[in-house]
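Step one of this worksheet: look at the structure below.
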Number of protein chains: 2
Amino acid sequence: MRYAFVAVSNQKPQTAITPTRTDNYPEWYLKVIEAADLAESSDVRGCMVIKPWGYALWENVQKVLDGMFKATDHVNAYFPLFIPLSYLEKEASHVEGFAKECAVVTHHRLELKGGKLVPTGELTEPLVVRPTSETIIGASFAKWVKSYRDLPLLINQWANVVRWEMRPRLFLRTAEFLWQEGHTAHATSTEAVEETMKMLGVYAEFAENWMAMPVIQGEKTAGERFPGAVQTFCIEAMMQDRKALQAGTSHFLGQNFAKASGIQFQDDKGTLAHAWTTSWGVSTRLIGGMIMTHADDDGMVCPPKLAPSQVVIVPVIQKPEDRERVIAYCKALKQDLEARSFAGTPVRVHLDARDMRGGDKVWQWIKKGVPVRVEVGPRDIDKDSVFMGRRDKGPKEKSGVARGEFVAGIAATLQDIQDSLYARAKAYRTEHTRVIDSKDEFYAYFAAPSTKHENDPTPIHAGFAMTHFNGDPKLEAKIKDDLGVTVRCVPLAPGEPGTCPFTGEPSAKRVVWAKSY
Amino acid sequence: MRYAFVAVSNQKPQTAITPTRTDNYPEWYLKVIEAADLAESSDVRGCMVIKPWGYALWENVQKVLDGMFKATDHVNAYFPLFIPLSYLEKEASHVEGFAKECAVVTHHRLELKGGKLVPTGELTEPLVVRPTSETIIGASFAKWVKSYRDLPLLINQWANVVRWEMRPRLFLRTAEFLWQEGHTAHATSTEAVEETMKMLGVYAEFAENWMAMPVIQGEKTAGERFPGAVQTFCIEAMMQDRKALQAGTSHFLGQNFAKASGIQFQDDKGTLAHAWTTSWGVSTRLIGGMIMTHADDDGMVCPPKLAPSQVVIVPVIQKPEDRERVIAYCKALKQDLEARSFAGTPVRVHLDARDMRGGDKVWQWIKKGVPVRVEVGPRDIDKDSVFMGRRDKGPKEKSGVARGEFVAGIAATLQDIQDSLYARAKAYRTEHTRVIDSKDEFYAYFAAPSTKHENDPTPIHAGFAMTHFNGDPKLEAKIKDDLGVTVRCVPLAPGEPGTCPFTGEPSAKRVVWAKSY
């Protein structure tokens, strides 16, 4: 037995995270973040500190997405953090959607008065810290676009935004968060719709292929639309409490913002017309999605393609005289692994040479979710083999592998873990998605959570329900009132027409219902 | 003659930028930014929009610096945008240094009152938009550091910051700017000083080797120190108006911020001690430095190692029937160039296949500062050669080169341009730096700018002066009052002791005086 942690046998299996997912899901989520050192709350209400391990995940998200944006002809730019009130006011439903959660800058200096720092230098027009940038970017687009030759304009921005959240939650809902926001302008409605769908596809591809997180692509109903959009599309994923997480959105804005900002162009006949715009974004919320899709009762599980370190090497040194030999072997192993490549980049390897107990180190890396752990001690070196553990398997499932075989197979091993995480998440979603054709069954499904614990204020609930729906916003509002579930999306995938179980009216296709973040 | 632009001969040579550097330097600077599409002012006072070409330069700066930080064992993290007033107050000289230029958030929502949006939801404690993050990062460090084993803590953050500038200027001084701020904590003063100097060295290496901008490394005098620092070190560069630009700073903070934030650790004997901290940063101001070091009267000149595109291929098509053949040749050329690598990455090549006059295109790329331009027409293809122009030479100095030779030599060509830009900038600095040993000569040097024009409110001035100096802050203040020049730094490079020409007192070494941005 190598780990002190599992030394007590014949008991309920211990876990590195307490409480477990089934004991108290929301608390488990916070404990995983703490144990993996991903982030922490700050003294500033609703604002988090993204710690190095969490930020490294975000950097990998950025790198991959940025490459995908550039491959689809987008370029990056940067626009002001502050938005004049007069800009926000230009689009009526937009201001209504964001007014309740805006950080407002009203002064531009501080003065010491009576021993206390007080804001002075009042601004003539208050500034809002951007909750999103349609209006300020629209003002630039209006200057940049003159002729149809200037279109399409395909811009992305990596930035921080602020929405004053009343119930903040690390990564999922924070007052400040990091994101990217794409903003594009086109000469025709058709092109703008194509762009909207293309970027939705990029998000889906990223979620499934890189995050190993299966998603449903679909359209939002009117009630869940982005303020000011004509159509909002989204990717929705099932978390392990069976709630839905909206992981990315892509909006077709029609000419609403072009009219508000005056984005006009002369077409090839010399006629002046308003452009058609889109916007689309994903945020640090994706890290929350990764945690709630893959993490388990032992902590974080990083999808290999995005893991800050894909392999960690833990030297196991009992006698000081072995140290030099073991470290040298591990360094050579690291080099050999780094010469291999996975998902387009050299394998990321960390050698943990700290002077502390090997078992403690191993558990730290399990909690941080490194896909592959390798332990190397003097006896392994004698056999020229390593002891390997995979994060998608139990912490005790470890096996000796010949060094050469291990190195040669590292990309395949990482891909296998990536695939197994995706398959597991997809199977989980399938298991907890029910096709429902009667109102009673629907109400029973959502009214009686399948798992409920006394000490858990937000029990794990039923899952996704697929029903026909006549699309009536009032009906949707009533169901939300009754059960706390909403239409997460109308899937893009082809579906058969049928009958709405709530009204008996015709329905074009089934929609996805769930509780959501 | 290929360009309409230079069709009128025997006249004063025309330039793409009006006014020229000597005609009106500040206006020339803004015109270069406009002509190269680097950035523009926004409606938000002092905040700029960084346009795609300017942002691509910044992305390259980020990529290289980030690699250098990681190679020196730093990791990235992210801290809140907002800082509680109580945090700022903790370090007395710090708050004094920043209080006059802080954007203050006082409300967290907007409401429509009498048809007007007004801020509501007043915060109990106002929040400052970070002007720098020592205090908020210090609060996290205080939680993270417990034992000497937790040290050193080597963190970097890429972020936006806000300092309410009264006289904003694109890239050089903007209310919001993008930067990186390194923050580290150490167990000993020695280690912290070593870190401070190491990062100053990283900045100097980046400025000289990547930006092709020669810099003087030195220490600031007390009056120019970062508020709260024990010592501030900097890199200073000479711009083409012979003013100094402080391009990066590295601060040894002693225990000032550790005491203010409570960053304490137990040393190996169990004694509690305050950590020693550093901070260091460079910003989008570097883009301003690049412009003012290399740009000329035809526009921007990008240093090849950081240029968004290093080579632009301009197809020259007179007859429509040639188009397909020329474009196909250019595409193949692009591929071959991209298979070559320069400064550690594949050569960045842009093929400008837009349907517009070749000459107009070429001038756009000259103004944007692409290091190498290639023109390819049917006759060039017949000879399997290209027509090449280098941005460090005149726009008319172009020459035919065999295609194979051009492709094989592209990395050498780019390196040669990089070297020539550096050499030119260094020669310019040398030419305009005078060693001065008398007060009269010093006053004459700075009082009579060598170039002065009626229409130019800020004439190009003398340059750098190297004098001995007794270090008296009052004397420095008087000289600043008299001439508007300050000690830019006390160079780190070894120097001989001598006599201060202003006082006759002893001086350890010569210092650098200049007007500055």
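Sorted from longest to shortest, the spans of the Cα atoms of segment B:130-181 along the three principal axes equal 45, 15, 11 Å. When the Cα positions of B:Trp158, B:Val193, B:Met213 are compared along the charge dipole of segment B:143-216, B:Trp158 comes out farthest toward the positive end, with charges on each C-beta of Lys, Arg, Asp and Glu.
When segment B:60-134 is described by a simple charge dipole with +1 on each Lys and Arg Cβ and -1 on each Asp and Glu Cβ, the residue from B:Val75, B:His94, B:Gly115 located farthest towards its positive end is B:Gly115. Evaluated on segment B:475-517, the Kirkwood hydrodynamic radius is 11.2 Å, with distances taken between all distinct Cα atoms. Under 12 Å from a point placed 7 Å out from the Cα of A:Asp472 along the Cα-to-Cβ direction: which residues of segment A:484-507 have their backbone N that close? Taking a point 7 Å out along Cα→Cβ of A:Asp472, the residues of segment A:484-507 whose backbone N falls under 12 Å are A:500-506. Globularity index of the protein assembly as shown is 1.00 (Cα radius of gyration / 2.2 N^0.38 Å, N = number of residues).
Put a dot 7 Å past the Cα of A:Val118, heading toward its Cβ, do the same for B:Thr18, and the two dots end up 5.4 nm apart.
Summary value for chain B: 15 percent relative contact order, contacts being C-alpha pairs under 8 angstrom separated by 6+ residues.
Run the helix sum for the protein assembly as shown: -39,500 (n - 2.57) per DSSP H stretch of 4+ residues, divided by residue count, reported at 222 nm to the nearest 500 deg cm²/dmol. Write down the numbers at each step before the final one.
On the way: 30 runs with 332 residues, N = 1034.
Theoretical 222 nm ellipticity from helices: -9500 deg cm²/dmol.
When A:Thr22 is represented by a point 7 angstrom out along its Cα-to-C-beta vector, the spacings to that point in the other copies are 8.4 nm, nearest first. Using Cα atoms only, what is the angle between the long axis of helix A:25-35 and the major principal axis of chain A, expressed in degrees (0 to 90) to the nearest 10? Result, in degrees: 60. Solvent-accessible area per residue in the protein assembly as shown equals 40 Å², computed with a 1.4 angstrom probe and all protein chains kept. Taking each residue as 0.36 nm, the span from A:Ala353 to A:Arg167 lengthens on full extension beyond its C-alpha to C-alpha distance by 62.9 nm. Note on B:Glu397: accessible area is roughly 110 Å² with a 1.4 Å probe, heavy atoms of protein only.
This model, with +1 at the C-beta of Lys and Arg and -1 at the C-beta of Asp and Glu, gives segment B:10-64 a dipole about its Cα centre of some 160 debye. Using the alpha carbons alone, the radius of gyration of segment B:308-458 stands to its Kirkwood radius in an Rg to Rh ratio of 1.17.
Just the C-alpha atoms of segment A:13-90: what Rg/Rh do they give, with Rh taken as the Kirkwood radius? Present the calculation step by step, with values, prior to reporting the outcome.
Working: Rg = 18.8 Å, Rh = 16.3 Å.
My calculation of the ratio gives 1.15.
Between helix B:189-205 and chain B there is an angle of about 20 degrees, using the helix long axis and the longest principal axis of the Cα atoms. Its Cα gyration tensor gives chain B an equivalent ellipsoid. The semi-axes, each the square root of 5 times an eigenvalue, are 43, 29, 24 Å from largest down.
Ranked from the most accessible area to the least, with a 1.4 Å probe and all protein chains present, what is the order of B:Asp355, B:Asp380? Intermediate results must be reported in sequence, preceding the final value.
On the way: B:Asp355 125, B:Asp380 15 Å².
Order by accessible area, largest first: B:Asp355, B:Asp380.
For B:Gln264, the point set 7 Å out from Cα toward Cβ sits 6.7 nm from its twins in the other copies, listed from shortest up.
When segment A:223-268 is described by a simple charge dipole with +1 on each Lys and Arg Cβ and -1 on each Asp and Glu Cβ, the residue from A:Gln246, A:Cys234, A:Ala258 located farthest towards its positive end is A:Gln246. When the surface is traced with a 1.4 Å probe over the full set of protein chains, B:Trp144 keeps roughly 40 Å² accessible. Across the cross-link table entries A:Lys367/B:Lys90; B:Lys63/B:Lys426; A:Lys383/B:Lys70, which are compared at the Cα atoms, the separations over 28 Å belong to A:Lys367/B:Lys90; A:Lys383/B:Lys70. Shown here is the pair-distance distribution of segment B:1-139: with all Cα-Cα distances grouped in 10 Å bins from zero up to the longest one, the shares run 9, 19, 25, 24, 12, 7, 3, 0 percent. Ligands, DNA and RNA excluded, the heavy atoms of A:Lys393 present near 90 Å² of accessible surface to a 1.4 Å solvent probe.
How much length is gained on full extension from A:Asp43 to A:Glu405, taking 0.36 nm per residue of separation minus their Cα-Cα distance? Write down the numbers at each step before the final one.
Numbers: separation 362, 0.36 × 362 = 130.32 nm, distance 4.94 nm.
Full extension from A:Asp43 to A:Glu405 adds 125.4 nm.
In this structure the amide hydrogen of B:Gly248, modeled in the peptide plane, comes within under 5 Å of the amide hydrogens of B:Ile235, none closer than 5 places in sequence on its chain.
Shielding value for A:150-156 is 1, the average number of Cβ atoms from other chains within 10 Å of each residue's Cβ. Estimated from the Cβ-Cβ distance and a Förster radius of 35 angstrom, the FRET efficiency linking B:Glu96 and B:Gln264 is about 0.90. Legend: mean number of C-beta atoms from other chains within 10 angstrom of residue C-beta atoms, peptide B:106-115, equals 6.
A P(r) calculated from all alpha carbon pairs of segment A:291-347, with 5 Å bins opening at zero, reads 4, 16, 18, 16, 15, 15, 11, 4, 1 percent.
Working value for segment B:257-360: equivalent-ellipsoid semi-axes of 53, 18, 10 Å, each the square root of 5 times a Cα gyration tensor eigenvalue, largest first.
Sorting the segments B:197-206, A:408-417, B:44-53, B:337-346 by their residues' average number of neighbouring beta-carbon atoms within 10 angstrom, most packed first, yields B:44-53, B:197-206, A:408-417, B:337-346.
Sorted from closest to farthest, the other copies place their A:Asp355 label points 7.2 nm away, with each point set 7 Å from Cα along Cα→Cβ.
FRET efficiency for the B:Thr271 to B:Ser189 pair, using the beta carbon distance and R₀ = 25 Å, is estimated at 0.95.
The values are calculated or read from the model by the stated rules, or taken from the named source; none is laboratory data. Given the structure is predicted, the values throughout are model-derived calculations rather than measurements. Reconstructed Cβ throughout: ideal geometry from the backbone, glycine too, with neighbour counts over all protein chains shown. Note: accessible area is taken over every heavy atom of the protein model, side chains too, but ligands, DNA and RNA are not part of it. Shrake-Rupley method; radii C 1.70, N 1.55, O 1.52, S 1.80 Å.
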